[in-house]
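Novice: Here it is, the structure in full.
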Amino acid sequence: MSDTPATPLPANTSRETSHEANTQWGGRFAAGPSAVMQEINASIGFDRKLWRQDIAGSLAHAAMLAKVGILAADDESAIREGLAAIAAEIAAGRFPFVQELEDIHMNIEVRLTERIGEAGKRLHTARSRNDQVATDFRLWVRDAIDGLSAQITDVMRALAIRAAQYAAAPMPGFTHLQTAQPVTFGHHLLAYVEMLSRDRARLADCRVRLNECPLGAAALAGTSFPIDRHMTAETLGFDRPAANSLDAVSDRDFALEFLSCAAISAVHLSRFAEEIVIWCSAPFRFIRLSDAYTTGSSIMPQKRNPDAAELVRAKTGRITGALVGLLTVMKGLPLAYAKDMQEDKEQVFDAAEAWTLALAAIAGMARDLTPDTERMKAFAGSGFATATDLADWLVRTLKVPFRTAHHVTGRLVAKAEARGVGLAELSLAEMQEEEPGITADIFSVLTVDASVASRRSYGGTAPGNVAAQARHWLEALG
Ligand code: ARG
């Protein structure tokens, strides 16, 4: 815990006297909590992250209370000034966080009363920590969504720039990690841009549903005070107040949705990270990462390890773990609030941090990597990668049914494999043994460049398509 309070506490506050009952709710309590009770109950160690949102929520609440005549104007201005001073204290690292005061809400409220006296004790009229924490947490997740969306956009831009640069650079396309057909490196990178655009859209969607204000639901049933929930909702940038007070204090769908978005995006990032690891490996050597994104080995001087990519891959474990963790916390909780729900925050904070870092690392590596385009192209043509082009030629030129063409091509592949050569190294005579109609024109479709150039169908890998898609994204991303 942090430094001692700047001003002395009023007598009998729990800040210094854990053997006494809590001043915030201890009216009916004769004694303070046991040490383990205090430890298991306290969330201040992590929910202090919500201080900005808590102060914003309190300011909105106090302004509303004053507007409807529940709070005197001078009390409201004292609260406003007191909260501003507390914000400054926290920002400067001078705020005396106290575990006995459990959480950020009570820490700030007690401090406010220390600073401004009686008026501070009026702030909690017509609200509860239940609606308070639900509001604060929504505000926090909303800010996180905005930051992460901007970061995803940055990764998309980084990838689209590289895609434009390598729109025509062939590489082997894989299925089952077996050479399938040539694609271009730009095309491959743009696949991730599509995934990330869905991640961004999912976040935007999550934000829409999140943006309802729980404040004023009070403990669970609403309040007898004539509060204006529309006013607080609007002040805090919410679209509307949450319609059902029970749901308002017990809903954590927004956190679950956020974690679902995070988990899916983390899976995307880990797939790319895995490809980076593969591409960097000695047998592949498709790309090289600079010193900025690799580490050496303490024993093997030749090593250049793609640790950042490996750690992005690993962050997925924490993030999907957070989703499963919170789903499990929420499962079977009866309405309305239960203390279990205090366990929502660390999962979300941790996942958001891991996601942010993973996105930053992927953006960095996308900008940093240098592909070996010669090597990629050489491998793009290996493994009979243009066999489908040969079959397509038979269909197009000789009007052979595709299934038959597939069979003929299979025999030619077997023949080439037996001789240890590529398809283009078979002689015309050898080809004609399998299909007499084949002419020398067939060799024109067996090169890697011809193969990728021919894939002009919508969404295909032809360099012209890829360049146009990259341009489209760069314009759309601004
Ligand atoms: N620290 C609590 C949480 O994060 C705040 C709400 C506490 N409410 C209560 N009734 N004890 O969930």
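The values are calculated or read from the model by the stated rules, or taken from the named source; none is laboratory data. What you see is a predicted model, and the numbers here were worked out from it, not measured in a lab. Here the Cβ is made from the backbone with ideal geometry for all residues, glycine too, and neighbour counts use every protein chain on show.
Novice: With respect to PHE379, is the statement that it is among the aromatic types (Phe, Trp, Tyr), part of a loop (DSSP other than H, G, I, E, B) and either under 34 Å from the mean Cα position of the chain (by Cα) or surrounded by 14 or more Cβ atoms within 10 Å (Cβ to Cβ) (or both) true?
Specialist: In short, no.
Novice: Looking at VAL413, VAL466, which one is buried (at least 20 other Cβ atoms within 10 Å of the Cβ), in contact with a helix residue (DSSP H, G or I) (Cβ under 8 Å, 6 or more places away or on another chain) and either small (Gly, Ala, Ser) or not in a loop (DSSP other than H, G, I, E, B) (or both)?
Specialist: Among VAL413, VAL466, only VAL466 is buried (at least 20 other Cβ atoms within 10 Å of the Cβ), in contact with a helix residue (DSSP H, G or I) (Cβ under 8 Å, 6 or more places away or on another chain) and either small (Gly, Ala, Ser) or not in a loop (DSSP other than H, G, I, E, B) (or both).
Novice: Could you identify the single residue in ALA358, ALA363 that is under 11 Å from the mean Cα position of the chain (by Cα), touching a residue at least 60 places away in the same chain (Cβ under 8 Å) and either in a helix (DSSP H, G or I) or farther than 22 Å from ALA219 by Cα (or both)?
Specialist: ALA358
Novice: I would also like to ask the following. Return the residue satisfying two criteria in turn: it lies in region 106-126 and is within 32 Å of the chain's Cα centre (by Cα) and either basic (Lys, Arg) or under 18 Å from ALA21 (Cβ atoms) (or both), and of such residues it is farthest from the ligand (Cβ to nearest atom). Reasoning before the result, please.
Specialist: Of region 106-126, the ones within 32 Å of the chain's Cα centre (by Cα) are 106-108.
The next check asks that each one be either basic (Lys, Arg) or under 18 Å from ALA21 (Cβ atoms) (or both); those that pass are 106-107.
Details: MET106: 8, ASN107: 10 Å.
In this case the residue turns out to be ASN107.
Novice: Please report, ordered by residue number, the helices (runs of 4 or more DSSP H) entirely within region 101-207 with at least 1 residues that are among the small types (Gly, Ala, Ser) and closer than 30 Å to ALA453 by Cβ. So that I can check it myself, show each step before the final result.
Specialist: Details: elements: 104-116, 118-122, 129-165.
In region 101-207, 129-165 are the helices (runs of 4 or more DSSP H) which contain 1 or more residues that are among the small types (Gly, Ala, Ser) and closer than 30 Å to ALA453 by Cβ.
Novice: Shifting gears a bit: Got a number for residues in region 416-463 being touching a residue at least 24 places away in the same chain (Cβ under 8 Å), in a helix (DSSP H, G or I) and surrounded by 12 or more Cβ atoms within 10 Å (Cβ to Cβ)?
Specialist: 14
Novice: Mind telling me which of the residues ALA282, ALA262, ALA273 ends up being out of contact with any Lys or Arg (no Cβ under 8 Å at 6 or more places or on another chain), crowded, with 19+ Cβ neighbours inside 10 Å and closer than 30 Å to ALA366 by Cα?
Specialist: Within the list ALA282, ALA262, ALA273, the selection yields ALA262.
Novice: Something else about it: For ALA84, state whether it is of a type in the set (A, V, I, L, M), within 14 Å of the ligand (Cβ to nearest atom) and within 25 Å of GLY237 (Cβ to Cβ).
Specialist: Taking the combined requirement at face value, the residue does not satisfy it.
Novice: Mind checking which residues of region 196-216 are over 12 Å from ILE145 (Cα atoms) and either over 18 Å from the mean Cα position of the chain (by Cα) or surrounded by 19 or more Cβ atoms within 10 Å (Cβ to Cβ) (or both)?
Specialist: We begin by selecting, within region 196-216, every residue over 12 Å from ILE145 (Cα atoms); these are 196-198, 209, 212-216.
Listed by number, the residues that qualify are LEU196, GLU212, CYS213, PRO214, LEU215, GLY216.
Novice: Now a separate question. Please name all residue pairs, on different chains or six or more residues apart, with Cβ atoms under 9 Å, provided the first residue is in region 382-401 and is without any contact (Cβ under 8 Å) to a residue 40 or more places away in the chain and the second residue is charged (D, E, K, R).
Specialist: Listed pairs, sorted by first residue: VAL400/GLU435.
Novice: Assuming GLN151 fulfils every condition listed in (1) within 30 Å of ALA204 (Cα to Cα); (2) within 16 Å of the ligand (Cβ to nearest atom); (3) out of contact with any Pro (no Cβ under 9 Å at 6 or more places or on another chain) apart from one, which condition is it?
Specialist: (2)
Novice: Take the residues of region 20-54 that are closer than 14 Å to ASN107 by Cβ and acidic (Asp, Glu): which is nearest to the ligand (Cβ to nearest atom)?
Specialist: Looking at the filtered set, the residue picked out is ASP47.
Novice: Go over the candidates LEU269, LEU259, LEU246 one by one and state the one that is farther than 30 Å from ALA201 by Cβ, modelled with pLDDT of 95 or more and assigned to a helix (DSSP H, G or I).
Specialist: Within the list LEU269, LEU259, LEU246, the selection yields LEU246.
Novice: Counting only residues that are small (Gly, Ala, Ser), outside any helix (DSSP H, G or I) and either more than 15 Å from VAL133 (Cα to Cα) or over 33 Å from the mean Cα position of the chain (by Cα) (or both), how many does region 26-58 have?
Specialist: 4
Novice: Give the residue that is nearest to ALA63 (Cα to Cα), with candidates limited to residues of region 208-223 that are without any contact (Cβ under 8 Å) to a residue 40 or more places away in the chain and part of a loop (DSSP other than H, G, I, E, B).
Specialist: Ranking the candidates gives GLY222 first.
Novice: ALA78 passes all but one of (1) closer than 16 Å to ILE104 by Cβ; (2) more than 16 Å from the ligand (Cβ to nearest atom); (3) surrounded by 20 or more Cβ atoms within 10 Å (Cβ to Cβ); which number fails?
Specialist: (1)
Novice: Have a look at HIS187, HIS176 and point out the one that is free of Cβ contacts under 8 Å to residues at least 60 places away in the same chain and either under 27 Å from the mean Cα position of the chain (by Cα) or over 30 Å from ASN130 (Cβ atoms) (or both).
Specialist: The conditions single out HIS176.
Novice: Still on this model: Enumerate the pairs (first residue in region 339-353 and within 7 Å of the ligand (Cβ to nearest atom); second residue anywhere and in a helix (DSSP H, G or I)) with beta-carbon separation below 7 Å, excluding pairs fewer than 6 apart on the same chain, so at least 6 apart or on different chains.
Specialist: Here the result reads LYS345/PHE46; LYS345/ASP47; LYS345/PHE137, each pair linking region 339-353 to a residue that is in a helix (DSSP H, G or I).
Novice: Right, another one. If I go through region 112-130 residue by residue, how many of them are in contact (Cβ under 8 Å) with a residue 60 or more places away in the chain and within 25 Å of GLU39 (Cα to Cα)?
Specialist: Counting residues in region 112-130 that are in contact (Cβ under 8 Å) with a residue 60 or more places away in the chain and within 25 Å of GLU39 (Cα to Cα) gives 4.
Novice: Now for a different question. Working only within region 285-301, note down all residues that are assigned to a loop (DSSP other than H, G, I, E, B) and either surrounded by 17 or more Cβ atoms within 10 Å (Cβ to Cβ) or without any contact (Cβ under 8 Å) to a residue 40 or more places away in the chain (or both).
Specialist: PHE286, LEU289, THR294, GLY296, SER297, SER298, ILE299, MET300, PRO301 - these are the residues of region 285-301 that are assigned to a loop (DSSP other than H, G, I, E, B) and either surrounded by 17 or more Cβ atoms within 10 Å (Cβ to Cβ) or without any contact (Cβ under 8 Å) to a residue 40 or more places away in the chain (or both).
Novice: Applying the selection to region 322-338, what residues are part of a helix (DSSP H, G or I), more than 16 Å from the ligand (Cβ to nearest atom) and without any contact (Cβ under 8 Å) to a residue 24 or more places away in the chain?
Specialist: VAL324, THR328
Novice: Now for a separate question. Could you count how many residues in region 382-410 are touching a Gly at 6+ places or on another chain (Cβ under 9 Å), over 30 Å from SER290 (Cβ atoms) and crowded, with 16+ Cβ neighbours inside 10 Å?
Specialist: The number of residues fulfilling the criteria is 7.
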